[in-house]
Amino acid sequence: MITVTDLTKRYARHTAVDHISFEVHKGQIVGFLGPNGAGKTTTMRMLTCFLPPTSGAATVAGFDVLEQSFEVKKRIGYLPETPPLYPEMRTAEYLQFVGSLKGLGKAELAKRVDYVCERCAILDVKDKLLGKLSKGYRQRVGLAQAIIHNPDVLILDEPTSGLDPKQINETRELIKGLAGDHTIILSTHILPEVEQTCEQVIIINKGKLVATDSVSNLQNRARGAETLLVEVGARNALVDPLKVQARLELVSGVSRVHLKNKREDRSTFEVESRKGLVRGDLARAVVEAGWNLNELRPTAVSLEEIFLQLTGEPAAAPAEEAVPAGVK
Amino acid sequence: MRNVWIICRKELRSYFVSPVAYLLLAMFAVIFGFFFWNILGFFVFRGMESQMRGQMMPMNVNEEVIRPLLSNVSVIGLFLIPMITMRLFAEEKRTGTIELLATSPVSDIEVILGKWLSAMVLYASMLLLTALNFLFIFKYGHPDWKPLVIGYLGLLLQAGALLAIGTFISTLTKNQIIAGAATFGVCLLLWILEWVSGYETATWARVMSYMSVLTHFESFAKGLLSLKDAIFYATLIFLGLFLTARSMESLRWRS
């Protein structure tokens, strides 16, 4: 459905997107993952014909984004990072406007407006001013706007940013429900989001493609090495953190133990393990030594860690050094 | 063509659901009303004077009321036009809705024409208010209606040119105030250019005063349909809209 070959966008000072190639098949949900400033938005803008690429090519549904942009635009629904809403318009009126812009006829338009309102759960704000809607509703109206003309391809730029957890869940469910009818590309910098909604992941960093893989493969890669947070304490006696550290290091599968926090009656360690299943052994080791196991949990696998594993870069968080995309 | 109408309708709705349109209409009505009262008052005063002297002077409503009134409208337009055009593109750029337009199957030209037409309609509805005053003139006087129609045509042409320039300036910034102020500056400049002809007759002065939008309105105000001046305005309209299209395109390459 979407083919991208050597797509490049260069600005005067830096390269925002650097020779990216990937392919998305019909009906797939693909997560476009990368830290802020990785070039996600720029890539999406090139796919939606908003920005012309410096070099390389991209086709959507068989049409070239540069040569046949009109055909591409007809087949794409796009939700930019901030939903493109006119604050002085009412929801239904706005959807009618967008629908007619996308070329829907009058009879079809009314039907589609009703349909997307129901689909995106915005029936109750149909006659409200867009400027008065809450963030969650704005996002959903944005989604409704993107699917109004039943496009083949949906491109969603950070569809859940700025929403509260409940709204995030609702939005994710909504997007999942839209798959099948549409081919979806969504960008995000949150890994769990990709895990929950997408089948395929495209990871980019600093404008370069880092990996394209299925979500399950990526999860396995990430789980290959797990970081656990272990808090060990004692009821009455003081705990010598060095002793605990030595004991933890003895557990098979543990590759490194790092003392993170030390208090009088408890200490916290970060345990890096190679295998996925050392938790039970860790717990037993602590309890058998007569200490209390206050806490044992995996630290969330952060995007940085995945980058670390995939790119072999030093531990500095890429999100912080990434060049600002300069597309705003 | 259908898309032009869709954009135009949307813009008109934006004008008329916000206070912008009503504010402009009200301001225009008050200022025009003042001029009307003033000019008509002077006309009546002169009429009484000539009667008291006992000698009838030839008096012409077209020459002495309608012509100065139309000239005044054209100057008021210079002040109000920036307020009509300043939001057209600046606001879309600020809120990001420009991305919606740019990724819809609509050409830039259609968007630009739609927006410019909506501005024209708003200006035309301001002119419509003056019809009320002219109705009074027709009720109590017997002016010729043809020069009036030509005057209106001239006003529309002149406004079209300035609105096209304002539309262009609006694509240059995200900030409505900057767009408005710059447009006002340009409008003002295009007005005062003619003042050099007052003391200077060299070629450069004639060229400068020729560029003034108001000089070209004079014949329309008299009721003369002058092709030369109509072409001048048409050229300005084309130039303004053409620059807008270029600017829209460069937006994509720069942003």
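The values are calculated or read from the model by the stated rules, or taken from the named source; none is laboratory data. All of these numbers come straight from a predicted model, not from anything done at the bench. Cβ coordinates were reconstructed from backbone atoms using ideal geometry, including for glycine residues, and neighbour counts include every protein chain displayed.
Some points to look at:
- Some residue of region A:198-219 being over 30 Å from A:ILE29 (Cα atoms) and at pLDDT below 80: no
- Test: residue in region A:97-108 that is of a type outside the set (S, T, N, Q) and under 25 Å from A:GLY31 (Cα atoms): no
- Meets criteria (touching a helix residue (DSSP H, G or I) at 6+ places or on another chain (Cβ under 6 Å), within 20 Å of B:LEU241 (Cβ to Cβ) and either exposed (fewer than 15 other Cβ atoms within 10 Å of the Cβ) or of a type outside the set (Phe, Trp, Tyr) (or both)) for B:LEU12: yes
- Considering region A:189-219, and only residues there that are touching a residue at least 40 places away in the same chain (Cβ under 8 Å) and charged (D, E, K, R), the residue that is nearest to A:PRO53 (Cα to Cα) turns out to be A:LYS208.
- Condition met for A:LYS111 (more than 10 Å from chain B (Cβ to nearest Cβ) and either over 30 Å from A:LYS206 (Cβ atoms) or without any contact (Cβ under 8 Å) to a residue 12 or more places away in the chain (or both)): yes
- Qualifying positions in region A:54-68 - surrounded by fewer than 20 Cβ atoms within 10 Å (Cβ to Cβ) and either among the small types (Gly, Ala, Ser) or facing chain B (nearest Cβ under 9 Å) (or both): A:SER55, A:GLY56, A:ALA57, A:ALA61, A:GLY62
- Residues within region A:99-139 that are of a type in the set (Lys, Arg), surrounded by 14 or more Cβ atoms within 10 Å (Cβ to Cβ), modelled with pLDDT of 90 or more and part of a helix (DSSP H, G or I), tallied: 2
Listed here are the residues, each with its yes/no results for (1) more than 13 Å from the chain's Cα centre (by Cα); (2) surrounded by 20 or more Cβ atoms within 10 Å (Cβ to Cβ).
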residue: A:ASN150; (1), (2): yes, no
residue: A:GLU158; (1), (2): no, yes
residue: A:SER161; (1), (2): no, no
residue: A:LYS166; (1), (2): yes, no
residue: A:HIS182; (1), (2): yes, yes
residue: A:LEU186; (1), (2): no, yes
residue: A:ILE190; (1), (2): no, no
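- Counted residues, region A:141-160 - those being assigned to a helix (DSSP H, G or I) and touching an Asp or Glu at 6+ places or on another chain (Cβ under 8 Å): 0
- Highlighted here are the strands (runs of 3 or more DSSP E) found entirely within region A:1-50 that include at least 2 residues which are away from every other protein chain (no Cβ under 14 Å) and among the hydroxyl-bearing types (Ser, Thr, Tyr): A:2-10, A:15-24.
- Residue match in region A:87-95 (condition: within 7 Å of chain B (Cβ to nearest Cβ), assigned to a loop (DSSP other than H, G, I, E, B) and touching a residue at least 60 places away in the same chain (Cβ under 8 Å)): no
- Failed condition for A:GLU81, given (1) under 29 Å from the mean Cα position of the chain (by Cα); (2) more than 7 Å from every other protein chain (Cβ to nearest Cβ); (3) among the charged types (D, E, K, R); (4) in a helix (DSSP H, G or I): (4)
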